[in-house]
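Asks: One structure, as structure tokens, below. Some questions next.
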Amino acid sequence: MDDTDIIGDLTNVLYTPEDIAERIAELGAKIDADYADKGLVLVGVLNGAVMVMADLSRALRSHCTMDWMAISSYGSGTQSSGVVRILKDLNTDISGKHVLVVEDIIDTGLTLSYLISNLQSRDPASLRIMTMFRKPEAARNAVDVAYVGFDIPNEFVVGYGLDFDGRYRNLRSVGTLAPHIYS
Ligand code: 5GP
Ligand code: MG
Ligand code: MG
């Protein structure tokens, strides 16, 4: 499977489209088995989780619905601001529903902690987290993540929904950017 020209901006490809597809299929099967016919609500966190949501939802064989939230965490750089704000709330009521939050990546877990306590206050029947990528700090923290695609090194990665300054989300692979891109 070919990627676009922008793959040349990466110094290191961590995961190919095939690696990602294979892992998504595994997680989809697990999630299917865990939820059976409970009627799952997938809550995607914009914008990064768009690719994961598209692929994970289609890896499920049972019914689900999808809704979206947008929260601010990072600015245009690579440092966590610590400021979390709801930019777009869910369109649907999740009370009494089985909810799975779909995330692109968890770094500090700061964004997620806020989101989870916010969603928990709406009384879902259950609330779990799926993330495609997880960094070491989040793995150490008490962020309880039910489904993890890949545990990755503490490096800034792009691709498969993950951006640098709004770009690289459409890259099919995931990897680290060449230093000249930053400067
Ligand atoms: P946290 O609050 O867990 O520190 O950060 C979560 C958010 O920060 C992610 O949803 C993502 O938007 C951004 N982020 C964290 N690490 C990375 C990374 O390595 N690459 C990119 N592109 N975004 C990241
Ligand atoms: Mg995210
Ligand atoms: Mg970003």
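Asks: Taking region 92-111 only, how many residues are more than 10 Å from the chain's Cα centre (by Cα) and more than 6 Å from ligand 1 (Cβ to nearest atom)?
Replies: 9
Asks: Which residues, taken from region 11-44, are modelled with pLDDT of 95 or more and in a loop (DSSP other than H, G, I, E, B)?
Replies: Selection gives Thr16 alone.
Asks: Out of Arg122, Arg169, report the one residue that is under 16 Å from the mean Cα position of the chain (by Cα), at pLDDT 95 or above and not aliphatic (A, V, I, L, M).
Replies: Details: Arg122 fails: under 16 Å from the mean Cα position of the chain (by Cα).
Answer to the selection: Arg169.
Asks: Now for a different question. Taking only pairs six or more apart or across chains, which ones have beta-carbon atoms under 6 Å, a first residue in region 94-120 that is under 16 Å from Ala49 (Cα atoms) and away from ligand 2 (no atom under 11 Å from the Cβ), and a second residue that is among the polar types (S, T, N, Q) and at pLDDT 90 or above?
Replies: Every condition considered, no pair remains.
Asks: Only one of these conditions is not met by Phe150: (1) over 15 Å from the mean Cα position of the chain (by Cα); (2) surrounded by fewer than 17 Cβ atoms within 10 Å (Cβ to Cβ). Which number is it?
Replies: Checking Phe150 against (1) over 15 Å from the mean Cα position of the chain (by Cα); (2) surrounded by fewer than 17 Cβ atoms within 10 Å (Cβ to Cβ), the one that fails is (1).
Asks: Here is a follow-up. Which strands (runs of 3 or more DSSP E) does region 114-183 wholly contain that include 2 or more residues that are of a type in the set (Phe, Trp, Tyr)? Steps first, please.
Replies: On the way: elements: 126-134, 147-151, 174-177.
Hits in region 114-183: 147-151.
Asks: Right, Met69: surrounded by 20 or more Cβ atoms within 10 Å (Cβ to Cβ), within 16 Å of ligand 3 (Cβ to nearest atom), under 28 Å from Arg172 (Cβ atoms) and modelled with pLDDT of 95 or more or not? Write out each step before concluding.
Replies: Values: surrounded by 20 or more Cβ atoms within 10 Å (Cβ to Cβ): no; within 16 Å of ligand 3 (Cβ to nearest atom): yes; under 28 Å from Arg172 (Cβ atoms): yes; modelled with pLDDT of 95 or more: yes.
Taking the combined requirement at face value, the residue does not satisfy it.
Asks: While we're looking at this one, here's another question. So which residues in region 99-115 are more than 16 Å from ligand 3 (Cβ to nearest atom) and buried (at least 18 other Cβ atoms within 10 Å of the Cβ), if there are any at all?
Replies: Val99, Leu100, Val101
Asks: Any residue in region 148-168 that's in contact (Cβ under 8 Å) with a residue 40 or more places away in the chain: show its pairings with residues that are of a type in the set (S, T, N, Q) at Cβ separation under 7 Å, as long as the two are six or more apart or on different chains.
Replies: Gly149/Thr131; Phe156/Thr78; Phe156/Thr176; Val157/Thr176; Gly159/Ser173; Asp165/Ser76
The values are calculated or read from the model by the stated rules, or taken from the named source; none is laboratory data. As the structure is a prediction and not an experimental result, all values here were calculated from the model. Quick reminder, even Gly has a Cβ in these numbers, built from the backbone with ideal geometry, and neighbours come from all protein chains shown.
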